[in-house]
Amino acid sequence: MPRIGKIKIRVPRSIHKGEVIAIKTLITHPMETGFRKDKKTKKKIPAFYISDVSMYYGDTLISRADWTIAVSTNPFMTFYVKADKTAPLKIVWKDIRGGVYEKTIQIKPQ
Amino acid sequence: MIKKNNLLKTFVFAAALLVGMGTSSFWAGKAIAADSKDAGTIEDLTPSMSYAEYQKRYEAYYGDATAQMAEEGNPADFLLDDGKDLANKVVGSKGKSCASCHGKDALKLKGVATGYPKYNAALGGIMTIPLQINTCLKQAMGAKPLKYESYDQLALTMYVKSLSNGMPIKVSIDGPAQPFYKKGEAAYYKRQGQLNFSCAICHVQYAGYKARSNLISNNKHHVDHWPSYRLKWGKTGSLQRRFRGCLKNMRAKRQPYQSEEYRNMELYLTYINNGDLIQVPGMRM
């Protein structure tokens, strides 16, 4: 059974106030395109992919991404944040079957 | 119309026959038939290049792409956490978990993976970690054995191996293990399948050259990073899954997981990697 929605977020160890840091994220998800056929039953495997990713820094939505079938299995994403305040960083992934996966980490600039 | 088609078919058939005959006579000088009773002879192949030369080619072709991918995020890392939870979980009729015998988080198994695969007297053959896990489940815990390549089986194998991360592989082929090591070596050099390849043809004679735009790997560091995530699978898999993948491409008959031949081959490959440090999970193309 696939384990879906396991998340790993990497933040730099030392963050200076105002520094632009790279946040690296990994989520497990099959990202089925809907074009693959099951080898045994010859039927199309239905599409199942993450379509929306939102990133919140504190209360503000700082970035949003629309993903399609072009993104492969277990998507890895890097995005950049200007670390100007101590606030939680929340990332929310939503897939086309209504699955919602999220994780929050603290950003504490020194 | 019909006459023309027949002619084409005959031509194609004849060409295929000639090619087939030609190929087999080319190899016939040194080949050993797959079902030959003389299966113990090892074909004499010249290694293609030194490991240093192979490394140079690897750097030139891939750079540090796989290393970077592994560092940024290996999806197989999630199996490590799940493996630890599974080791602590009570399962089976005897009310035990792995931790009951091997300590909390199975920490007493630290260093154990460096000696696997090893000869097991009760089994009368070579024991690998996945088979050992199933043996423990059946005998010591009274639980159902896990299907090979299932998530739980891989997670536990990966976790047990990870407890030996950074330690050098140290398998023994002394005493009762010796005949199985020889059988494993013979299996590695055995010609099989429609293309009449053996593992050694590619990984000894043509290591460092390309097959399907991938560099053919050298024998060194072959087993120290398995179980590994593989981009092609989009999943984590075991070394024996990789064996079966190669055998499928060679158009050879595949055996079920943990068959005697695969376990012998694992012993052979692990022995020639003695000294390499265990680094699981791996990241492969």
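Throughout, read-outs are computed from the coordinates displayed, never taken from laboratory work. Here the structure is a predicted model, which is why all the values come from computation and not from measurement. Here Cβ is always computed from backbone atoms with ideal geometry, including for glycine, and neighbour counts include all displayed protein chains.
What whole number of Å gives the distance from the Cα centroid of region B:90-142 to the Cα centroid of region B:57-86?
Cα centroid to Cα centroid, the span is 26 Å.
Run the Debye formula on the Cα coordinates of the protein assembly as shown, all scatterers equal and no solvent, and tell me log10 I(q)/I(0) at q = 0.07, 0.15 1/Å.
Each listed q corresponds, in turn, to -0.43, -1.43.
Give the percent of DSSP beta bridges with both residues in the protein assembly as shown that are antiparallel, rounded to the nearest 5.
95
Only Lys, Arg, Asp and Glu count, each charged at its Cβ (+1, +1, -1, -1), so figure out the dipole size of chain A about its Cα centre, rounded to 20 debye. Don't skip to the answer; put the middle values down first.
On the way: 22 positive and 9 negative charges, 124 e Å.
Computed about the Cα centre, the dipole is about 600 debye.
What is the mean projected area of the alpha carbon convex hull for region B:83-125, to one decimal in square nanometres?
Details: hull surface 15.4 nm².
Mean projected area of the Cα convex hull: 3.9 nm².
In which sequence would B:Leu267, A:Leu26 go, from the one with the fewest C-beta neighbours within 10 Å to the one with the most? Could you put the intermediate results ahead of the total?
Working: B:Leu267 28, A:Leu26 19.
Final ranking by Cβ density, sparse to dense: A:Leu26, B:Leu267.
Please work out the ratio of the alpha-carbon Rg of region B:59-103 to 2.2 N^0.38 Å and round it to two decimals.
In units of the 2.2 N^0.38 Å rule of thumb, it is 1.89.
Arranged by the count of other C-beta atoms within 10 angstrom, fewest first, what order do B:Met265, B:Met127, B:Met285, B:Met69 take?
Taking fewest neighbouring Cβ atoms as first place, the list is B:Met285, B:Met69, B:Met127, B:Met265.
Which one, B:Phe243, B:Phe78, B:Phe197, has the greatest fluctuation when you compute a Gaussian network model over chain B with C-alpha springs under 10 angstrom?
Greatest mean-square fluctuation among the candidates belongs to B:Phe78.
Evaluate the relative contact order of chain B (contact order divided by residue number), counting alpha-carbon pairs under 8 angstrom at least 6 apart; express in whole percent.
24
Between their Cα atoms, which of B:Lys104/B:Lys138; B:Lys161/B:Lys253; A:Lys6/A:Lys108 are more than 27 Å away from each other?
With Cα atoms farther than 27 Å apart: B:Lys161/B:Lys253.
Could you line up A:Ser63, B:Ser150, A:Ser14, B:Ser162 from fewest to most neighbouring Cβ atoms inside 10 Å?
The fewest-first ordering by Cβ neighbours comes to A:Ser14, B:Ser150, A:Ser63, B:Ser162.
Mind checking the alpha-carbon convex hull of chain B and giving the volume per residue in Å³? List each step's numbers first, then the result.
Details: hull volume 49.8 nm³, N = 285.
Cα-based convex hull of chain B, divided per residue, equals 175 Å³.
Once phi is turned into θ = phi - 60°, what whole-Hz ³J(HN,Hα) does the Karplus curve with 6.51, -1.76 and 1.60 give for every residue of region A:89-94, x standing for Gly and Pro?
Each residue's phi maps through the Karplus curve to give 10, 10, 10, 10, 10, 10 Hz.
Going through region A:29-110, which chymotrypsin sites (Phe, Trp or Tyr not before Pro) have at most 13 other Cβ atoms within 10 Å and a DSSP loop state? Could the numbers behind the result be given before it?
Details: sites: A:Phe35, A:Phe48, A:Tyr49, A:Tyr56, A:Tyr57, A:Trp67, A:Phe76, A:Phe79, A:Tyr80, A:Trp93, A:Tyr101; in loops: A:Phe35, A:Tyr49, A:Trp67.
Qualifying residues, ordered by number: A:Phe35.
So what is the relative contact order of region B:77-162, in percent, for Cα pairs below 8 Å that sit 6 or more residues apart? Before the final figure, lay out the partial values.
Numbers: 112 pairs, mean separation 33.9, N = 86.
Result for region B:77-162 is 39 percent.
When only C-alpha pairs under 8 Å and at least 6 residues apart count, what is the relative contact order of chain A, in percent?
Relative CO of chain A lands at 30 percent.
Give the span of chain A's Cα atoms along each principal axis, as three whole-Å numbers ordered largest to smallest.
57, 23, 21
Put +1 on the Cβ of every Lys and Arg and -1 on every Asp and Glu Cβ in the protein assembly as shown; which of B:Asn249, A:Ser14, A:Ile91 then has its Cα farthest towards the positive end of the dipole?
B:Asn249
For chain B, what does the helix formula give at 222 nm: sum of -39500 (n - 2.57) over DSSP H segments with n ≥ 4, over the residue count, nearest 500 deg cm²/dmol?
That calculation yields -13000 deg cm²/dmol at 222 nm.
What is the Å³ per residue value for the convex hull set by the Cα atoms of region B:77-162? Mind showing how you got there, number by number?
Working: hull volume 7.6 nm³, N = 86.
So the per-residue hull volume is 88 Å³.
Whole-Hz Karplus ³J(HN,Hα) for region B:56-68, in order, using 6.51 cos²θ - 1.76 cosθ + 1.60 and θ = phi - 60°, x for Gly and Pro?
Each residue's phi maps through the Karplus curve to give 4, 5, 4, 4, 5, 8, 9, x, 10, 4, 5, 4, 5 Hz.
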